[in-house]
1. Neighbouring Cβ atoms within 10 Å as the yardstick, rank Trp89, Trp53 fewest first.
2. Can you tell me the convex hull volume per residue for segment 30-206, based on C-alpha atoms, in Å³ to the nearest whole number?
3. For Ile76, enumerate residues with amide H under 5 Å from its amide H, sequence gap 5+ or separate chain, H modeled in the peptide plane.
4. Within straight cross-link reach of Lys56, meaning Cα distance under 19 Å, which aspartates and glutamates are found once same-chain residues fewer than 8 apart are removed?
5. Please give the charge dipole size of segment 30-206, origin at the Cα centre, charges +1 on K and R Cβ atoms and -1 on D and E Cβ atoms. Round to the nearest 20 debye.
6. Anything over 24 Å Cα to Cα? Flag those among Lys40/Lys118; Lys67/Lys177; Lys67/Lys176; Lys153/Lys219; Lys103/Lys215, in the order listed.
7. Just need the relative contact order of segment 30-206 here, percent rounded to a whole number, with Cα pairs under 8 Å and 6+ apart.
8. Within segment 89-151, list the GluC sites (Glu not before Pro) lying in a DSSP loop whose Cβ has at most 13 other Cβ atoms in a 10 Å radius.
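No value in this document is a laboratory result; all are computed from the given coordinates. Just so we're clear, the structure is a prediction, and the values are computed from it rather than from any experiment. FYI the Cβ positions are ideal-geometry reconstructions off the backbone, even for glycines, and counts take in every protein chain you see.
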Amino acid sequence: MRTFFRNILIVLSYLTSIPFWTRLALKKPLVRVWCLHEVKDNQVWYFLEKLSWLKKNYNVLTPEQFKNRQFSTDRINVLLTFDDGYESWFRNVLSILNEENVKAVFFINNEFLSQSSKLTDAGHTLGGHSVSHERLTQLPADKLTAEVSQSVKSDFFAYPYGDKQSFNDAVIDEVKKAGYQYGFTILPGFNNLDTNPYLLHRDSLDPNVPNFIFKLWLKGNYDLWKKLF
């Protein structure tokens, strides 16, 4: 019953956009980070559709704009990120990003380094994602240091798996020591100017997630009501 009422409230808040307009009324920048992994052949059309919609309705950021805090206060800002490393990036993703003039952060493991030039040559930014994508909180201290410090050199780091069990104070300390300026989770939510830069929120949504759900997440309706129920 609680879930039923929660879902009713989510739908009503989505239709009225109350959480969205309330946040924007504060005139403070809001940043959403879309986390993707593979874009399969049968997901290409969905990805293009969502990206085109984002450009029309949101302020899509480049990684440099994110670092320089060049955020809009009139629209929600969105940064695109991709995790791990897939051949489908070169087959399905790069051409669409180029067509839409969108730049993204690609968080890659070291095993994907040999192909990283294809990403940087297209104007995208690499991010660290550890050496071998192990759960960092479960590693002994020396292995943790190696997994982080020997990962891709960048300002950006994404914790492998990214859930609450994937990072702790020791992991964050290693990320800082390795020179990363930002640490990304996959905990959904808005980022703002006060968000801890090593606990940044991301929304992990597949390209073919229904548009209704996609818009719910990005506008923050689900964030609001899931905390109350």
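1. Listing Trp89, Trp53 from fewest to most nearby Cβ atoms yields Trp53, Trp89.
2. Once divided by residue count, the hull of segment 30-206 is 105 Å³.
3. Asn59
4. Excluding near neighbours in sequence, the set is Asp74, Glu99, Glu100.
5. That gives segment 30-206 a dipole magnitude of about 420 debye.
6. Lys153/Lys219
7. Over segment 30-206, the number comes to 22 percent.
8. Those that pass, being in a loop and sparsely packed, number zero.
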